[in-house]
Amino acid sequence: MPSKDDSVQYIGQPAPLLHTEPAMVIGFPRSITHRHTYGKLSPFFKGIKEGKLLATRCVNPECEENRLWLPPRADCPDCNQPMEWEEMPQPIIGTVHTYARVEYTGAGIELTTPYFQIDVELPGVCTIFKGYLEHGEAEIGMKVKACFRTDEPTNTILDIYWIPYEG
Ligand SMILES: [Zn+2]
């Protein structure tokens, strides 16, 4: 039998009562730290904070898809074999495939609004790479250039962004 000193204590803050009728409603703010591993894709995130864009390529000679993948895949989605890393040559110029002008973001988006979320076609890449346009107005077919947040990296996907490219 635990003594009274060993009893479980309430250490929280009382929830503020917001409404009492027709039902009790309380304020219950929560805050969590989400630990997320980049796992086998860590080279990609390390690369963008260093100003490099790393893609993956399947080197299985029997695989139908031998173009690059961006975002990278650790293992080939087509044949399940491990993929190899390859750095995109600079400057990295892409073409806007489509875009959305974002006015209202979901929780956790760390960009001011409005901004243009863009889907970028890249030469030699079999996938469409998502990102955001740092300035300017997005248009389908416009050329964009990859830039990197190397000075104060965020350690997130926001360490790569795009600017209009007048080639
Ligand atoms: Zn493959």
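Here are a few things to note about the model shown:
- Failed criterion for residue 144 (all others in (1) touching a residue at least 40 places away in the same chain (Cβ under 8 Å); (2) over 19 Å from the mean Cα position of the chain (by Cα) hold): (2)
- Residues of segment 78-113 satisfying the condition of being within 16 Å of the ligand (Cβ to nearest atom) and assigned to a loop (DSSP other than H, G, I, E, B): 78, 79, 80, 81
- Residue 150 meets the conditions (1) free of Cβ contacts under 8 Å to residues at least 40 places away in the same chain; (2) of a type in the set (S, T, N, Q); (3) over 28 Å from residue 60 (Cβ atoms); (4) assigned to a loop (DSSP other than H, G, I, E, B) in every case but one. The failed one is (1).
- Pairs with Cβ under 6 Å, 6+ apart, first in segment 69-82 and within 15 Å of residue 128 (Cα to Cα), second polar (S, T, N, Q) and more than 9 Å from the ligand (Cβ to nearest atom): 69/56; 69/127; 70/127; 72/56; 73/56
- Residue in segment 115-129 that is without any contact (Cβ under 8 Å) to a residue 24 or more places away in the chain and either of a type in the set (Gly, Ala, Ser) or within 16 Å of the ligand (Cβ to nearest atom) (or both) present: no
- Reported count of residues in segment 26-77, each being within 11 Å of the ligand (Cβ to nearest atom) and small (Gly, Ala, Ser), is 0.
Rule-based calculations on the coordinates, nothing more; no lab input. As the structure is a computational prediction, the values presented were derived from the model and not from experiment. Virtual Cβ from ideal backbone geometry, glycine too; neighbours counted across all protein chains shown.
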